[in-house]
């Protein structure tokens, strides 16, 4: 669990995000009734110290309206639009909630996360200091190897953490899955972070973490039927998603700009029979061949 001090920052942030505007007396009273306050009011000096810490850690300023002496967060929209800060806030908020109600531990279930999270701090420190990482890596297929990497960015995908950067042994930018790392340490070898690298741009035209620099993004037209329409609307397959045609309660057509990668194919197959690729023909054929192989395998089992 996280420290009580960090819990306090999260509590204060969430309280103001929910209530919008509050006087210090209202905040202090609410604090005393929370599991953190345990009946004691919040000291004014502690409150201001927490304000400063929140501004430093989350980049969120808690301001005071001197006409009403109410405190508020003016940048709530920017906080919600910042994926990193929102992820941190959500993660610590859930930890905070579980700690406040110990009887909830058996009633809040999480997906299993593979190993690798123990290296997060090491990677972040290397990124902050722009120093090389040395790691022993065991791929699913192949032999254990020692790699040296210039870490540029990190990405989480399907409960796995990845670090992307220049892999010196390959002389190319690669993704490394942290759950396949056996040992990792920072070195004293510095590197220059390339001015032309942007993580959002690097992954802009792909689903998942697979990057093939030889591929060019294509227009993809997807037709979803029935309830799958609502699922795709609420959780887009990709940021380029546009809903271009709708036949009420029958289907909707969604358009994307993506590279044709194995991970995209797998994602589409996972949506089942309520999704059909209309364009391009190449992707339709890829899906058809995958479905045909699945059918053949199941038919073999039926014959047995």
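The values are calculated or read from the model by the stated rules, or taken from the named source; none is laboratory data. Here the structure is a predicted model, which means the values were calculated and not measured. When we count neighbours, we look across all protein chains shown, and the Cβ atoms used for this are built from the backbone with ideal geometry, even at glycine.
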Matching entry among 44, 36 (being in contact with a helix residue (DSSP H, G or I) (Cβ under 7 Å, 6 or more places away or on another chain) and at pLDDT 90 or above): 44
Residue 49 being surrounded by 13 or more Cβ atoms within 10 Å (Cβ to Cβ), in contact (Cβ under 8 Å) with a residue 40 or more places away in the chain, out of contact with any strand residue (DSSP E or B) (no Cβ under 6 Å at 6 or more places or on another chain) and not in a loop (DSSP other than H, G, I, E, B): no
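May I ask you to list the residues in region 274-304 that are out of contact with any helix residue (DSSP H, G or I) (no Cβ under 9 Å at 6 or more places or on another chain) and within 19 Å of residue 237 (Cβ to Cβ)? Show your work before the answer.
Looking only at region 274-304, we keep the residues that are out of contact with any helix residue (DSSP H, G or I) (no Cβ under 9 Å at 6 or more places or on another chain), and these are 279-282, 284-285, 288-289, 292-293, 295-304.
Across region 274-304, the qualifying residues are 279, 280, 282, 284.
Looking at 206, 201, 189, which one is loosely packed, with under 14 Cβ neighbours inside 10 Å and modelled with pLDDT under 95? It would help to see each step written out before you state the result.
Values: 206 fails: loosely packed, with under 14 Cβ neighbours inside 10 Å; 189 fails: modelled with pLDDT under 95.
Just a single option satisfies the conditions, and that option is 201.
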Residues satisfying the stated conditions in region 244-262, i.e. surrounded by fewer than 15 Cβ atoms within 10 Å (Cβ to Cβ) and within 29 Å of the chain's Cα centre (by Cα): 244, 262
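Is there a residue in region 136-147 that is modelled with pLDDT under 80, touching a helix residue (DSSP H, G or I) at 6+ places or on another chain (Cβ under 6 Å) and under 26 Å from residue 165 (Cβ atoms)?
no
From the list 223, 174, 180, which one is surrounded by 14 or more Cβ atoms within 10 Å (Cβ to Cβ) and either out of contact with any strand residue (DSSP E or B) (no Cβ under 9 Å at 6 or more places or on another chain) or not assigned by TED's automatic domain parsing to the domain that holds residue 145 (or both)?
Details: 174 fails: either out of contact with any strand residue (DSSP E or B) (no Cβ under 9 Å at 6 or more places or on another chain) or not assigned by TED's automatic domain parsing to the domain that holds residue 145 (or both); 180 fails: either out of contact with any strand residue (DSSP E or B) (no Cβ under 9 Å at 6 or more places or on another chain) or not assigned by TED's automatic domain parsing to the domain that holds residue 145 (or both).
On inspection, the qualifying residue turns out to be 223.
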Qualifying residue in region 28-38 (condition: touching a residue at least 12 places away in the same chain (Cβ under 8 Å), surrounded by fewer than 14 Cβ atoms within 10 Å (Cβ to Cβ) and part of a helix (DSSP H, G or I)): no
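For residue 293, are the conditions met, namely being more than 25 Å from residue 159 (Cβ to Cβ), in contact (Cβ under 8 Å) with a residue 40 or more places away in the chain and not assigned by TED's automatic domain parsing to the domain that holds residue 162? Spell out how you get there, then give the answer.
On the way: more than 25 Å from residue 159 (Cβ to Cβ): yes; in contact (Cβ under 8 Å) with a residue 40 or more places away in the chain: no; not assigned by TED's automatic domain parsing to the domain that holds residue 162: yes.
For residue 293, the condition - more than 25 Å from residue 159 (Cβ to Cβ), in contact (Cβ under 8 Å) with a residue 40 or more places away in the chain and not assigned by TED's automatic domain parsing to the domain that holds residue 162 - is not met.
Residue-by-condition table, conditions (1) at pLDDT 65 or above; (2) closer than 30 Å to residue 174 by Cβ:
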{"site": "49", "(1), (2)": "yes, no"}
{"site": "55", "(1), (2)": "yes, no"}
{"site": "62", "(1), (2)": "yes, no"}
{"site": "79", "(1), (2)": "no, no"}
{"site": "85", "(1), (2)": "no, yes"}
{"site": "105", "(1), (2)": "no, no"}
{"site": "124", "(1), (2)": "yes, yes"}
{"site": "154", "(1), (2)": "yes, yes"}
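Criterion first (under 20 Å from the mean Cα position of the chain (by Cα) and closer than 30 Å to residue 173 by Cα) does residue 212 satisfy it?
Numbers: under 20 Å from the mean Cα position of the chain (by Cα): no; closer than 30 Å to residue 173 by Cα: yes.
So residue 212 fails the test.
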